Amino acid sequence: MRAAWIFATLMLVSCAHEPLAVAPPAGVDFSGHWRLDTADSDDPHRLVQADTGRSADSSVGAIGEAMQWPGKDLVVKQIGGVVAFSSDGENRVYQPSTSFARDAQGGRRRRSERRCGWSGKSLLVEAAADDDGPTIEERYQVSADGAHLLQTIRPAGSDRGVEFVRVWNKVQ
């Protein structure tokens with residue numbers, strides 16, 4: 001009986017995830033050198049202060065951790081659906097997959113499982129906490145004119161709570 005309950009729960013959880021594609025739509029390319037636009041990006045300190053006392057979960061801390069990277073300069077190379085980010089001497093390669101995979105990078109990061117793929121014109125990266133913290137969703141998308149790369153960070157599956165947006169301008 002317990003095994004059937006666990007199986008049913010796992011099936012429900014796996015169905016809750018947004019379906020992701022392994023390749024972007026035609027014409028979507030994040031490749032380039034990008035520089036953080038601090039004036040158009042959210043101020044993480046202001047968001048944390050605004051959320052103090054309102055949030056009973058660890059969303060603010062988890063988002064704060066996610067905001068530590070990438071830095072002010074970002075180089076992106078995209079081949080098909082695979083996107084490689086390079087910033088501050090650190091590289092991260094996002095290989096689209098429709099299921100959570102163990103993160104081999106380890107180190108100081110607290111999240112150890114991730115899922116990524118394409119949701120329309122956005123690259124979606126979900127990082128599952130290896131503790132009781134929330135799963136964090138990062139969405140990357142290039143603006144319609146191709147001049148800006150937008151990153152949105154928030155708790156996965158939540159339309160409420162803290163959301164952080166950063167904007168990078170394309171360096172010519």
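Table: residues versus (1) crowded, with 22+ Cβ neighbours inside 10 Å; (2) of a type outside the set (Asp, Glu); (3) modelled with pLDDT of 65 or more; (4) under 17 Å from GLU90 (Cβ atoms).
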| residue | (1), (2), (3), (4) |
| --- | --- |
| ALA104 | no, yes, no, yes |
| GLY107 | no, yes, no, yes |
| GLU113 | no, no, yes, no |
| ALA129 | no, yes, yes, no |
| GLY133 | no, yes, yes, no |
| ALA147 | no, yes, yes, no |
| THR152 | no, yes, yes, no |
| ALA156 | no, yes, yes, no |
| ARG160 | no, yes, no, no |
- Query: Considering only the range 70-96, how many residues are more than 14 Å from the chain's Cα centre (by Cα) and of a type outside the set (Lys, Arg)?
  - Reply: 16
- Those residues of the range 14-42 which are part of a loop (DSSP other than H, G, I, E, B) and either loosely packed, with under 12 Cβ neighbours inside 10 Å or at pLDDT below 70 (or both), in sequence order: ALA16, HIS17, GLU18, PRO19, PRO25, ALA26, GLY27, THR38, ALA39
- Could you please find all residues in the range 43-58 being modelled with pLDDT of 65 or more and not charged (D, E, K, R)? PRO44, HIS45, SER58
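Check GLY81, GLY64 and return the single one that is at pLDDT below 95, under 19 Å from VAL125 (Cα atoms) and in contact with a helix residue (DSSP H, G or I) (Cβ under 7 Å, 6 or more places away or on another chain). Give the steps one after another, and end with the answer.
Details: GLY81 fails: in contact with a helix residue (DSSP H, G or I) (Cβ under 7 Å, 6 or more places away or on another chain).
GLY64 is the lone residue from the list that is at pLDDT below 95, under 19 Å from VAL125 (Cα atoms) and in contact with a helix residue (DSSP H, G or I) (Cβ under 7 Å, 6 or more places away or on another chain).
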- If you go through the range 135-142 one residue at a time, do you hit one that is at pLDDT below 95, closer than 25 Å to ALA39 by Cα and among the aromatic types (Phe, Trp, Tyr)? no
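The values are calculated or read from the model by the stated rules, or taken from the named source; none is laboratory data. Being a predicted model, the structure only gives us computed values, none of them experimental. For neighbour counting, all protein chains shown are included, and Cβ atoms are generated from backbone atoms with ideal geometry for every residue, glycine included.
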